[in-house]
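Shown next, in structure tokens, is the structure this report addresses.
The values are calculated or read from the model by the stated rules, or taken from the named source; none is laboratory data. In this text the structure is predicted, and so the values were computed from the model without any measurement. In this analysis, Cβ positions are derived from the backbone assuming ideal geometry, glycine residues included, and neighbour counts consider all displayed protein chains. Surface areas here come from the heavy atoms of the whole protein model, side chains and all, with no ligands, DNA or RNA. Shrake-Rupley method; radii C 1.70, N 1.55, O 1.52, S 1.80 Å.
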Amino acid sequence: MANESGRAGRGSDQFPLRLPPGMRDQIKRAAEDSGRSMNSEILDVLRDAFPEEPSLEDLVDELDYSIAMIRDIQAGSPSGDVSRSNKFMTILGRMEATNSDLWKTIRENRQSPVVVLRRDVLDRMAALQAEFDLPSVLIDSLTSDLIQMSLDRIASGEESLKVWIGEGDARRMVEIKRPTRARSAGEE
């Protein structure tokens with residue numbers, strides 16, 4: 001396990017390693033030349049050879065950025081330019097479809113520690129995103145804001161708390177009434 005600075009420490013994974021003759025001395029010289037420990041020298045070489053894999057969100061963000069750049073090229077290109085070609089539009093369409101599929105996968109697999117959204121709610125969020133032409137990156141914020149809006153309306157008494165029970169034809173809504181506060185001796 002890496003410590004808070006991201007460096008390997010005493011509690012980190014350990015791996016016994018057999019080195020060919022002379023390599024330990026090479027590593028030691030390289031570490032001395034760079035003013036680091038042998039462990040740090042080896043880890044630096046390993047990080048170069050095995051870089052940290054980007055998260056799915058990082059990849060989708062990069063794809064979002066690439067699509068935005070292509071859209072900018074398209075918007076600024078004169079009629080008949082390469083950005084108007086079928087090949088350009090096909091590539092753009094495939095990138096957008098892939099991006100949409102990736103964001104859908106992220107939304108389906110993401111579970112909040114506080115709220116787990118049902119499939120139908122995720123589908124309605126996707127419909128809102130499409131209707132309002134919202135970027136995918138805003139969906140988490142939009143979802144949180146809509147939940148907060150509902151909670152505020154319930155807390156203020158504008159709405160009552162409603163719970164859906166069952167599935168399919170047996171699904172029904174139950175309204176939970178606000179508890180009545182017991183009156184103290186001085187209240188009437």
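Has the stretch 128-138 got at least one residue that is touching a Leu at 6+ places or on another chain (Cβ under 8 Å) and outside any helix (DSSP H, G or I)? Checked the stretch 128-138: at least one residue is touching a Leu at 6+ places or on another chain (Cβ under 8 Å) and outside any helix (DSSP H, G or I).
Against the definition (within 33 Å of the chain's Cα centre (by Cα), at pLDDT 75 or above and at positive phi), how does G157 come out, yes or no? Break it down into steps so the answer makes sense when it comes.
Working: within 33 Å of the chain's Cα centre (by Cα): no; at pLDDT 75 or above: yes; at positive phi: yes.
When the stated conditions are applied, G157 does not pass them.
When V163, V137, V82, V116 are checked against the criterion of being at pLDDT 75 or above, of a type in the set (V, I, T) and exposed (fewer than 14 other Cβ atoms within 10 Å of the Cβ), V163 stands alone in meeting it.
Out of all the residues in the stretch 19-56, which are open to solvent by 60 Å² or more (accessible area, probe 1.4 Å), touching a helix residue (DSSP H, G or I) at 6+ places or on another chain (Cβ under 7 Å) and aliphatic (A, V, I, L, M)? The one that is open to solvent by 60 Å² or more (accessible area, probe 1.4 Å), touching a helix residue (DSSP H, G or I) at 6+ places or on another chain (Cβ under 7 Å) and aliphatic (A, V, I, L, M): L56.
Taking first residues from the stretch 171-188 that are under 19 Å from E158 (Cβ atoms) and at pLDDT 60 or above and partners that are of a type in the set (S, T, N, Q) and open to solvent by less than 80 Å² (accessible area, probe 1.4 Å), the Cβ contacts under 9 Å between residues at least 6 apart in sequence or on separate chains come to E175/S160; I176/S160; K177/S160; R178/S160.
Of all residues in the stretch 19-61, those being part of a loop (DSSP other than H, G, I, E, B) and farther than 30 Å from I139 by Cβ number 8.
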